[in-house]
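K.L.:
Take this structure, written in structure tokens, and hold onto it; I'll ask about it next.
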């Protein structure tokens, strides 16, 4: 069964989405309650979510003011895409995991980090992509792997098509753009924007020559800028409503 275009947004996800889009990522408890009320989340549900998020290390609390934890502040920074190389000339980067005896949790964490870094798994423990992004390998990879720059001997375009479902990604992105153009109300817009931004964060950011003609990443990025501006306006209105 296909994933729904706009999955349900939990109270935790809603709070994180508002704070991740805010600058600075801080709101009073009253402001958060007002924001969640706009999206149909009851105050009691929001309060329980805040308590659990503080206990779980997602938020810190001081004088009834909630702030993203250091870990999630880093996630806020990671939402911004890495820069592209202006002089990319066909090189690929590759990392081969050489450490043995690693815990299952460590393997899962590395896999999640590599996907966040837009690197695809060619086979278990072998990660690769075009070397067109300006960003370092994550430290947790360097400690267990040997890394290279190389060029595929086979057709790079065919390799790209095996590593990424570009047609599927583009189709999903264009569905989000169409949905955002037809949202009937603010709660639906919020949920759709959250889903669209999450999708944008999975953009593999490949060289243009490998992308389909209808690639929607630029339009989704513009939507993300609108999302940040919308959250800023929402925050201003929340502040006036909470006073």
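The values are calculated or read from the model by the stated rules, or taken from the named source; none is laboratory data. These numbers come from a predicted model, not from an experiment. Heads up, the Cβs are rebuilt from the backbone with ideal geometry, glycines too, and the neighbour counts pull from every protein chain shown.
K.L.:
Which of the residues that make up the range 128-138 are over 17 Å from the mean Cα position of the chain (by Cα), modelled with pLDDT under 95 and surrounded by 13 or more Cβ atoms within 10 Å (Cβ to Cβ)?
P.N.:
Within the range 128-138, the first condition is being over 17 Å from the mean Cα position of the chain (by Cα), and the residues that meet it are 128-132, 134, 136-137.
Now drop any that are not modelled with pLDDT under 95, which leaves 134, 136-137.
Answer for the range 128-138, where residues must be over 17 Å from the mean Cα position of the chain (by Cα), modelled with pLDDT under 95 and surrounded by 13 or more Cβ atoms within 10 Å (Cβ to Cβ): just 137.
K.L.:
Okay, moving on. For the range 160-183, does any single residue satisfy the condition of being part of a loop (DSSP other than H, G, I, E, B) and in contact (Cβ under 8 Å) with a residue 24 or more places away in the chain?
P.N.:
Yes, the conditions are met somewhere in the range 160-183.
K.L.:
Just a yes or no: is a residue in the range 223-241 surrounded by fewer than 20 Cβ atoms within 10 Å (Cβ to Cβ) and closer than 17 Å to residue 118 by Cβ?
P.N.:
yes
K.L.:
Quick check on the range 70-83. Is at least one of its residues over 23 Å from the mean Cα position of the chain (by Cα) and without any contact (Cβ under 8 Å) to a residue 24 or more places away in the chain?
P.N.:
No, because not a single residue in the range 70-83 is over 23 Å from the mean Cα position of the chain (by Cα) and without any contact (Cβ under 8 Å) to a residue 24 or more places away in the chain.
K.L.:
For the range 117-156, how many residues meet the condition of being over 24 Å from residue 209 (Cβ atoms) and part of a helix (DSSP H, G or I)?
P.N.:
Number satisfying all stated conditions: 4.
K.L.:
OK, next. Residues 155, 203, 185, 214: which one is within 30 Å of residue 18 (Cβ to Cβ) and over 21 Å from the mean Cα position of the chain (by Cα)?
P.N.:
185
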